[in-house]
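Taking it in order: structure first as structure tokens, then the write-up.
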């Protein structure tokens, strides 16, 4: 399981409108549910909020990785939000976030969940990945950036 399998173009939202974390979660979960044809909005939102209550997932300069586990999905799924103006997020560094990678996993799939989060963390270590992703104007070009950097990352292994 790699990011390009989880964050397909239909699960990438450019030009997010949210101004704070609560609005961002609502916007991303609604976008995900529409793209996935899911009626599990409340369950997914609850899973993400429950995890967020433990500690902020605004973990990296300008980046947040909200995630949660729920019975509302049968495999790991996700949605990427790109904000032009930044989202006030209560990030660990106190700065707004511009990229939000929301990962949603089945409750019983902890190993794959952690593997996806680890892989994402490895990608985020590449400064150009974040910079290039933030510049994208449409889901297809953002997806191409994800594929490009995943291929670079795997080529190093």
If we keep only residues of the range 123-141 that are in contact (Cβ under 8 Å) with a residue 12 or more places away in the chain, out of contact with any helix residue (DSSP H, G or I) (no Cβ under 6 Å at 6 or more places or on another chain) and part of a helix (DSSP H, G or I), then the residue surrounded by the fewest Cβ atoms within 10 Å (Cβ to Cβ) is 128
Would you pick out the residues in the range 1-40 that are touching a strand residue (DSSP E or B) at 6+ places or on another chain (Cβ under 6 Å), surrounded by 15 or more Cβ atoms within 10 Å (Cβ to Cβ) and outside any loop (DSSP other than H, G, I, E, B)?
-> 6, 11, 12, 13, 24, 28, 31, 32
Inside the range 105-121, can you point out the residues that are under 19 Å from residue 58 (Cα atoms) and either modelled with pLDDT of 95 or more or surrounded by fewer than 14 Cβ atoms within 10 Å (Cβ to Cβ) (or both)?
-> 114, 118, 121
Subset tally (residues that are without any contact (Cβ under 8 Å) to a residue 40 or more places away in the chain and touching a strand residue (DSSP E or B) at 6+ places or on another chain (Cβ under 9 Å)) for the range 98-113 = 6
Failed criterion for residue 43 (all others in (1) more than 22 Å from residue 137 (Cα to Cα); (2) within 15 Å of the chain's Cα centre (by Cα); (3) buried (at least 16 other Cβ atoms within 10 Å of the Cβ); (4) free of Cβ contacts under 8 Å to residues at least 40 places away in the same chain hold) = (2)
Looking only at the range 46-60, and only at residues there that are surrounded by fewer than 22 Cβ atoms within 10 Å (Cβ to Cβ) and modelled with pLDDT under 90, the one that is farthest from residue 120 (Cα to Cα) | 55
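The values are calculated or read from the model by the stated rules, or taken from the named source; none is laboratory data. Please read all numbers here as calculations on a predicted model, not as lab measurements. FYI the Cβ positions are ideal-geometry reconstructions off the backbone, even for glycines, and counts take in every protein chain you see.
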